[in-house]
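Trainee: Attaching a single structure in structure tokens format; questions to follow.
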Amino acid sequence: MTPINQGPVSTRPATGEGDAADLRSVILETRDVTVTYGTHEALHPTSLAFAAGEVTSLIGPSGCGKSTYLRSINLMNREIEGCKVGGQVIYRGQDVNAPGVDLFELRKHIGMVFQQPNPFHKSIYENVAFAPRRHGITKKSDLDQLVEESLRAAAIWDEVKDKLSESGFALSGGQQQRLCIARTLAMHPDIVLMDEPCSALDPISTFAVEETIRSMASRGICTIIVTHNMEQAARVSDRCAFFLLGEMVETGVTAEMFANPSDQRLDDYLTGRFG
Amino acid sequence: MAKGEEKALRPKRAIERRGLAITGACVLLVAVLVLTLIFMVASRGLATFTTDGTPFASFMTGTTWNPHQNDANGIPLVGALPMIAGSFSVTLLSCLIALPFALGSAIFVVEVNPTFGTRVFQPLTELLVGIPSVVFGLVGLRIIVPWTRSWAGGTGYGILSGSIVLAFMILPTVTSLSIDAIRAVPQSYRDGSYGLGCTRWQTIAHVVLPSASSGILTAVILGMTRAFGEALAVQMVVGNAAQIPTSLTTPAATLTSVITTSMGNEAMGTVYNDVLWSLALVLLIMSLVFILIIHIIGRKGAPRG
Ligand SMILES: Nc1ncnc2c1ncn2[C@@H]1O[C@H](COP(=O)(O)OP(=O)(O)OP(=O)(O)O)[C@@H](O)[C@H]1O
Ligand SMILES: [Mg+2]
């Protein structure tokens, strides 16, 4: 079996999307993904495609299933009891729910950053070195290099380079969040999922995280970010998907979608008539 | 202030004052009791050294226990080292035996099958807490002692049997406190680890257990406190020979077992009686030390961030 991260990247238009002219290098695709908690279908069939080097924002009012959708991509939903995922999540041409796909291997390539910064109760260095260590990198010089590279990529190196051995909790909230991003980048993921990564941060930290996301995109990482902040979605994302009550209502290029929404419900949401 | 209002207020104030007086008296009573207890044990226990003229060093390091007799210099033979060694041996060994089981079941209950844990396992361990120590002693006597004799040799009485019986007794304490400690680890730590592609066992070993370590340490030390102070069950299986334990299967004695076997037989004011109080003082001080350690861990390991 080929390693999961070396599968093909398709250049055909994604299924279920209107803009067929747009040929992107699709790395991840969901086809009619549904999520059910017990008997409650929290996410109705959703089909979206994501390309390398692209940032996609997921927007919509609270409880509309954005986090649920995000968690179905890296199979975090499997950690929740009573949660069922239907449909297909296709990463590099392979259905991740197919038998024989290594869940843990997959999550190395699809990293996740959470809403609340959640560094481990360890030093800054060990936080970043955590995943590489678990996945078999033991040489000190390799780890040192990886830690520096990841912290630089997350735009936090200059702030922490002199205190790598201090606890991750000794940082501010914004720094902790960038540490968590660095921790994820240390695995060299293809895709990074972010669930409201800036909701606990001040504007300056938010700006730093957004910079980080843009630089990740320039290095070919596909980022999917959930946000409640429309301006952030406009600033940071190339494409956007609007969710409402478990339904993916509209998707497209962010600028176009925001300028002239085709669905009345998105228009209402953008103009603040509800949500 | 209007007159009617004042009238309405006054009874309330009186009630408050009375409540304060009652609860304050309770606090005072408990405090006085604790202090009196410590003072009593200390004053009796110190008589060995002040009135009976035993040097403290020969009490702590002497290996001969025969308080009815004096050595060549006229000093009573009250070496407590065999009992101190016995107490520490059974305490440490019982924790060593209990910890893997406690930790294993705590991990199972929190991380693997929480439903089974709360519905079946926890009530079961609570049941174990309620069993009187004499029952543990009897089971030890009828089952553990013959069993250790059958494979470890000797009489079966000794540190090993004592430790196994104690391990059973402290198991519920250590287990339920470990469960609490592991449960207190925030879910977000686990999510973070899963999100990085770590397996469940990697997550448990490298994230959950290290984060719960101070709580688990507290569990162990509380278990040690209980094991150190347990008298009856140990006395029934430890062999009660006041000699330095040379192996795990030779009869030994602990501070508690010597006190319970001898206290009833020795008249007040005799050297023997005094020195038993000294053993009790050692027990008391050790318990205080254990509790102090728990407090220090509690302050250091308090969850941050
Ligand atoms: N663990 C769970 N168990 C049961 N139902 C859940 C669970 N998580 C989410 N849900 C339900 O799924 C629906 C979508 O929730 P989700 O968390 O995906 O919303 P969201 O769009 O991320 O909202 P927010 O913006 O507030 O984070 C909600 O109706 C919620 O009640
Ligand atoms: Mg959410």
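The values are calculated or read from the model by the stated rules, or taken from the named source; none is laboratory data. Only a predicted model underlies this, so the values are computations on that prediction, with no experimental measurement involved. Because the Cβ atoms are built from the backbone with ideal geometry, glycine has one as well, and the counts that use them run over all protein chains shown. Note: areas computed on protein heavy atoms with side chains; ligands, DNA, RNA excluded. Shrake-Rupley method; radii C 1.70, N 1.55, O 1.52, S 1.80 Å.
Trainee: Is it the case, given these coordinates, that B:SER176 is more than 30 Å from A:PRO189 (Cα to Cα), open to solvent by 10 Å² or more (accessible area, probe 1.4 Å) and within 14 Å of chain A (Cβ to nearest Cβ)?
Mentor: Judged against the criteria, B:SER176 is not a match.
Trainee: Now, a different point. Somewhere in region B:151-159, is a residue within 14 Å of the chain's Cα centre (by Cα) and hydroxyl-bearing (Ser, Thr, Tyr)?
Mentor: Within region B:151-159, none of the residues are within 14 Å of the chain's Cα centre (by Cα) and hydroxyl-bearing (Ser, Thr, Tyr).
Trainee: Could I ask something else about it? Do the conditions hold for A:PRO189, that is, is it open to solvent by 30 Å² or more (accessible area, probe 1.4 Å) and away from ligand 1 (no atom under 16 Å from the Cβ)?
Mentor: no
Trainee: Please name all residue pairs, on different chains or six or more residues apart, with Cβ atoms under 8 Å, provided the first residue is in region A:233-256 and is within 19 Å of A:THR30 (Cα to Cα) and in contact (Cβ under 8 Å) with a residue 40 or more places away in the chain and the second residue is surrounded by fewer than 20 Cβ atoms within 10 Å (Cβ to Cβ) and among the polar types (S, T, N, Q).
Mentor: Listed pairs, sorted by first residue: A:MET248/A:SER47.
Trainee: Here is a list: B:LEU96, B:LEU33, B:LEU37, B:LEU29. Which entry is out of contact with any His (no Cβ under 9 Å at 6 or more places or on another chain), assigned by TED's automatic domain parsing to the domain that holds B:LEU166 and either of a type in the set (A, V, I, L, M) or part of a loop (DSSP other than H, G, I, E, B) (or both)?
Mentor: The match here is B:LEU96.
Trainee: Which of the numbered conditions does A:TYR91 fail, given that it passes all the others? Conditions: (1) within 15 Å of ligand 1 (Cβ to nearest atom); (2) crowded, with 17+ Cβ neighbours inside 10 Å; (3) within 14 Å of another protein chain (Cβ to nearest Cβ).
Mentor: (1)
Trainee: Looking only at region B:179-213, which residues are under 27 Å from B:GLU126 (Cβ atoms) and surrounded by fewer than 18 Cβ atoms within 10 Å (Cβ to Cβ)?
Mentor: Within region B:179-213, B:ASP180, B:ARG183, B:ALA184, B:PRO186, B:GLN187, B:SER213 meet the criteria.
Trainee: To continue, here is another question. Applying the selection to region A:48-80, what residues are more than 8 Å from ligand 1 (Cβ to nearest atom), within 14 Å of another protein chain (Cβ to nearest Cβ) and part of a loop (DSSP other than H, G, I, E, B)?
Mentor: Scanning region A:48-80 gives A:ASN74, A:LEU75.
Trainee: Specify the residue that is farthest from B:PRO245 (Cα to Cα); the eligible residues are those in region B:131-163 that are surrounded by 24 or more Cβ atoms within 10 Å (Cβ to Cβ) and among the small types (Gly, Ala, Ser).
Mentor: Ranking the candidates gives B:GLY140 first.
Trainee: Hey, among the residues in region A:164-223 that are part of a loop (DSSP other than H, G, I, E, B) and among the acidic types (Asp, Glu), which one's farthest from the other protein chains (Cβ to nearest Cβ)?
Mentor: Looking at residues that are part of a loop (DSSP other than H, G, I, E, B) and among the acidic types (Asp, Glu), I get A:ASP202.
Trainee: Turning to a different aspect of this structure: Please state which of the following conditions A:VAL147 fails to meet, knowing it meets all the rest: (1) under 25 Å from A:ALA51 (Cα atoms); (2) surrounded by 21 or more Cβ atoms within 10 Å (Cβ to Cβ).
Mentor: For A:VAL147, the failing item is (1).
Trainee: Let me ask something else about it. Please specify each residue of region B:86-144 satisfying the condition of being in contact with a Leu (Cβ under 9 Å, 6 or more places away or on another chain), more than 30 Å from B:THR61 (Cα to Cα) and aliphatic (A, V, I, L, M).
Mentor: Hits for region B:86-144 are B:ALA102, B:LEU103, B:ALA106, B:ILE107, B:LEU128, B:VAL134, B:ILE144.
Trainee: Being assigned to a loop (DSSP other than H, G, I, E, B), within 13 Å of chain B (Cβ to nearest Cβ) and away from ligand 2 (no atom under 16 Å from the Cβ) is the requirement here; does A:PHE130 meet it?
Mentor: No, not satisfied.
Trainee: Given the options B:THR256, B:THR270, name the one that is at pLDDT below 90, of a type outside the set (A, V, I, L, M), out of contact with any strand residue (DSSP E or B) (no Cβ under 7 Å at 6 or more places or on another chain) and at negative phi.
Mentor: Just a single option satisfies the conditions, and that option is B:THR270.
Trainee: Let me ask something else about it. What number of residues within region A:224-275 satisfy the criterion of being β-branched (Val, Ile, Thr), at pLDDT 90 or above and open to solvent by 20 Å² or more (accessible area, probe 1.4 Å)?
Mentor: Final tally of qualifying residues: 3.
Trainee: Still on this structure, please answer the following. Please give the helices (runs of 4 or more DSSP H) falling wholly within region B:215-305 in which 1 or more residues are within 14 Å of another protein chain (Cβ to nearest Cβ) and open to solvent by 30 Å² or more (accessible area, probe 1.4 Å).
Mentor: Fully inside region B:215-305 and qualifying: B:271-300.
Trainee: Is there any pair with a first residue in region A:33-47 that is under 18 Å from A:GLU81 (Cα atoms) and a second that is assigned to a loop (DSSP other than H, G, I, E, B) and open to solvent by 20 Å² or more (accessible area, probe 1.4 Å) whose Cβ atoms are under 7 Å apart and which are 6 or more apart or on different chains, and what are they?
Mentor: Listed pairs, sorted by first residue: A:TYR37/A:GLY82; A:GLY38/A:GLY82.
Trainee: Based on this model, can you work out whether B:VAL134 counts as in contact (Cβ under 8 Å) with a residue 12 or more places away in the chain, under 23 Å from B:MET224 (Cα atoms) and not hydroxyl-bearing (Ser, Thr, Tyr)?
Mentor: Considered against the rule, which asks whether it is in contact (Cβ under 8 Å) with a residue 12 or more places away in the chain, under 23 Å from B:MET224 (Cα atoms) and not hydroxyl-bearing (Ser, Thr, Tyr), B:VAL134 comes out as yes.
Trainee: Output the residue which, of all residues in region A:94-127 that are open to solvent by 50 Å² or more (accessible area, probe 1.4 Å) and within 16 Å of ligand 1 (Cβ to nearest atom), is nearest to the other protein chains (Cβ to nearest Cβ).
Mentor: Going through the qualifying residues, I end up with A:GLN116.
Trainee: Of the residues B:THR115, B:THR175, B:THR125, B:THR155, which is part of a loop (DSSP other than H, G, I, E, B) and of a type in the set (S, T, N, Q)?
Mentor: After applying the criteria, what remains is B:THR155.
Trainee: Just a yes or no: is a residue in region A:198-216 within 16 Å of ligand 1 (Cβ to nearest atom) and buried (at least 23 other Cβ atoms within 10 Å of the Cβ)?
Mentor: Within region A:198-216, one or more residues are within 16 Å of ligand 1 (Cβ to nearest atom) and buried (at least 23 other Cβ atoms within 10 Å of the Cβ).
Trainee: I'd like to check something: does region B:199-214 contain any residue that is more than 14 Å from chain A (Cβ to nearest Cβ) and part of a loop (DSSP other than H, G, I, E, B)?
Mentor: Within region B:199-214 (the criterion being more than 14 Å from chain A (Cβ to nearest Cβ) and part of a loop (DSSP other than H, G, I, E, B)), the answer is no, since none of the residues qualifies.
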